[in-house]
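Some notes on the structure that comes next.
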Amino acid sequence: MDKQKGNSIMASNDPDLLDPAGDPQPGDLIEIFRPAYQHWALYLGDGYIINLTPVDESQAAAMSSVKSVFSRKAVVRMQLLKEVVGGDTYRVNNKYDDDHTPLPVGEIIQRAQVLIDKEVSYDLLGSNCEHFVTLLRYGEGVSEQATRAIGAISLVTAAASAFSVLGLINTRSRNRPF
């Protein structure tokens, strides 16, 4: 991986990842690519981000922990972007700007700063790190990750139900005496 612009942006060899067009600006959404999921943060400025970390883990362990996905509580932390990213890659990704109007940057930062070190509820599908940062930026929590996960769960549930019904139909037809 190549480091650019004072170690604040790490390029990826993955052609599907967009390389940021410059340093993050205050209020930007930061998408961090973990091995099994994407973690989201909000850029505050001067190299700092705000993000959710698990309540029961040290800050260092929380940065790359898959366990964070299954926590029910989280702590809002202000941390250096480069420390949270570690060896992973990231990009500025304000992907919802076309559908949602960002709040004024000063308001985004003020809303974020009030929450530092506060404990908040965490739910992978309804209140995750992406919901958290989009709520700060737009005043509305949205998460494409959660929507995809809910869709996958619904598909699996529907398929399981269909197979179950088919199993009952086959069982009944075999048990008929005529």
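The values are calculated or read from the model by the stated rules, or taken from the named source; none is laboratory data. Please read these numbers as outputs of a predicted model, since none were measured by experiment. Glycine gets a Cβ as well: all are built from the backbone with ideal geometry, and neighbour counts include every protein chain shown. Calculation scope for accessible area: heavy atoms of the full protein, side chains included, ligands and nucleic acids excluded. Shrake-Rupley method; radii C 1.70, N 1.55, O 1.52, S 1.80 Å.
Listed values, structure above:
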| quantity | calculated |
| --- | --- |
| Conditions (1) open to solvent by 70 Å² or more (accessible area, probe 1.4 Å); (2) modelled with pLDDT under 50; number of the one not met by LEU17 | (1) |
| Residue pairs meeting the criteria (Cβ under 8 Å; at least 6 apart or on separate chains; first at pLDDT 95 or above and of a type outside the set (A, V, I, L, M, F, W, C), in the range 102-122; second in a helix (DSSP H, G or I) and surrounded by 12 or more Cβ atoms within 10 Å (Cβ to Cβ)) | PRO102/ILE108; PRO102/ARG137; PRO102/TYR138; ARG111/LEU136 |
| Number of positions in the range 86-126 that are among the small types (Gly, Ala, Ser) and crowded, with 19+ Cβ neighbours inside 10 Å | 1 |
